[in-house]
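Please read the structure below before turning to the comments.
The values are calculated or read from the model by the stated rules, or taken from the named source; none is laboratory data. All values derive from a computational prediction rather than experimental measurement. Here the Cβ positions follow ideal geometry from the backbone for every residue, glycine too, while neighbour counts run over all protein chains shown. Areas reflect the complete protein model, heavy atoms only, side chains present, ligands, DNA and RNA absent. Shrake-Rupley method; radii C 1.70, N 1.55, O 1.52, S 1.80 Å.
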Amino acid sequence: MPRSVSFWIVWGIFFLTTTLLFAQNEYKYSYMPKKVYKYQVFPVTLVDTSEHNDHPQFQFDASSSVKPLFKTPLTVRNGNDTFYTFYFKAAKVDIRIPRLFITSDTTDSSLDPKQIPLTFLKKRPKAFCNVLATNMKIKNYQVSNYDTKNHMVTLLLEAYEANLEDITLANVEESGVENIKREYAKVTAEFYVILPRTQKELAFNYFNTIKKRFITLNIPVALPNASVTTQSDLNPKVDAFERLKRYALIFFALFFLVMFLWKRDFFYLVLGVVSLITLMTFYIPHKKICVKQGAPLYILPTQTSTISTRIENKIETMLLAERGEFKKVEYKKGIIGWIKNEDLCKN
């Protein structure tokens with residue numbers, strides 16, 4: 001066989017093999033950040049441009065210390081394209097996205113590792129809370145007495161692509177984060193801060209990774225009554241509309257009584273009695289419970305909550321609210337917290 005013919009046969013086989021391999025590799029990265037900040041949570045997205053719906057399996061190189069926050073990617077279909085997004089968190093050095101192995105009914109391929117350089121924030125404001133996010137907001141907040149000199153502010157935060165687990169504030173008596181829940185880009189958490197009673201506002205900054213600037217979040221810190229105020233449904237001790245309800249029921253009870261005496265219609269008497277009975281329920285005293293000596297008083301009704309203090313002596317106190325296996329009580333005047341059911345006195 002002539003050499004020229006052999007050459008073209010070998011070249012044809014090579015070209016055909018390369019073409020088939022290229023056709024099989026239908027996956028490629030569609031988004032990879034050019035740089036990331038220290039502790040930033042960021043997405044990495046790959047796209048499948050084929051028309052197959054073969055439910056691929058993804059596995060990053062197990063020998064790498066870099067792992068995605070979720071093993072299963074967020075999947076979004078757009079026409080014939082399917083996008084798969086993994087979320088990672090940067091550390092203190094350049095991050096290397098490990099090799100990604102892809103297995104499905106129609107393909108068995110991999111994507112090469114990618115190196116993402118690390119950059120650092122400059123000129124951080126004093127009130128920076130160490131959070132980087134594409135967006136963050138305060139959904140709800142509660143202000144309550146902590147002790148005779150301080151009060152506690154509890155914030156319900158919602159953010160996207162955020163490292164809420166790292167949130168902290170300088171120059172505060174105490175702070176902490178609990179109940180962190182992450183669902184791909186979205187993350188929520190409860191953040192509490194102990195502040196002096198003289199402080200009238202809480203303000204802090206986070207870094208917006210899209211706008212590339214610091215954003216300020218602030219709330220007023222005030223107690224309109226001596227015990228608790230709330231801007232959310234966090235089991236307040238006093239209903240803000242309780243007095244209004246009582247006055248309304250007193251008015252209706254008297255109104256229906258007068259109408260009964262005037263009209264002599266028992267329908268008004270029935271309405272008056274119903275209003276009176278409803279009014280009486282507001283004056284039923286709170287149930288009292290007994291708490292063991294040494295029982296921890298938790299700031300929030302969660303298993304990981306910080307202990308604010310301990311019950312010095314066995315006490316009997318009013319039950320303010322219940323949530324799961326926790327009871328809300330007032331230990332001393334202005335000191336309110338949560339006790340576990342296991343720390344109640346046994347009959």
Exercise. So how many residues does the range 57-105 have that are loosely packed, with under 13 Cβ neighbours inside 10 Å and among the β-branched types (V, I, T)?
Worked result: 4
For this session: Hey, can you tell me all the residues within the range 208-245 that are at pLDDT 50 or above, surrounded by 12 or more Cβ atoms within 10 Å (Cβ to Cβ) and farther than 30 Å from R124 by Cβ?
Result: L223, K245
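Pick out, from the range 246-316, the strands (runs of 3 or more DSSP E) lying fully within it that include 2 or more residues that are of a type in the set (A, V, I, L, M, F, W, C) and surrounded by 15 or more Cβ atoms within 10 Å (Cβ to Cβ). Show your work before the answer.
Values: elements: 288-291, 296-298, 307-310.
Per the criteria, 288-291.
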Exercise. Cβ-Cβ below 8 Å, separation at least six or inter-chain, first residue in the range 86-107 and without any contact (Cβ under 8 Å) to a residue 12 or more places away in the chain, second not in a loop (DSSP other than H, G, I, E, B): which pairs?
Worked result: none
Seminar exercise, completed: In the range 104-116, residues that are farther than 21 Å from M32 by Cα and in contact with a strand residue (DSSP E or B) (Cβ under 8 Å, 6 or more places away or on another chain) total 3
For this session: Tell me, yes or no, whether the range 153-171 has at least one residue that is surrounded by 15 or more Cβ atoms within 10 Å (Cβ to Cβ), farther than 18 Å from I219 by Cβ, under 12 Å from the mean Cα position of the chain (by Cα) and without any contact (Cβ under 8 Å) to a residue 24 or more places away in the chain.
Result: no
For this session: Determine which single condition K149 fails, assuming it passes every other condition in (1) at pLDDT 95 or above; (2) of a type in the set (D, E, K, R); (3) open to solvent by 20 Å² or more (accessible area, probe 1.4 Å); (4) under 26 Å from V193 (Cα atoms).
Result: (1)
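Across the range 140-181, what is the total count of residues that are within 18 Å of F42 (Cα to Cα) and part of a loop (DSSP other than H, G, I, E, B)? Can you show your working first?
Our first condition is that a residue be within 18 Å of F42 (Cα to Cα); within the range 140-181, this holds for 158-167, 180-181.
Restricting the remaining residues to those that are part of a loop (DSSP other than H, G, I, E, B) gives 161-163, 167.
Residues in the range 140-181 being within 18 Å of F42 (Cα to Cα) and part of a loop (DSSP other than H, G, I, E, B): 4 in total.
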Exercise. For the range 188-207, what are the residues that are buried (at least 16 other Cβ atoms within 10 Å of the Cβ) and touching a residue at least 60 places away in the same chain (Cβ under 8 Å)?
Worked result: E190, Y192, F204, N205, Y206, F207
Exercise. What are the residues in the range 115-137 that are within 30 Å of V172 (Cβ to Cβ), modelled with pLDDT of 95 or more and assigned to a loop (DSSP other than H, G, I, E, B), if any?
Worked result: T134
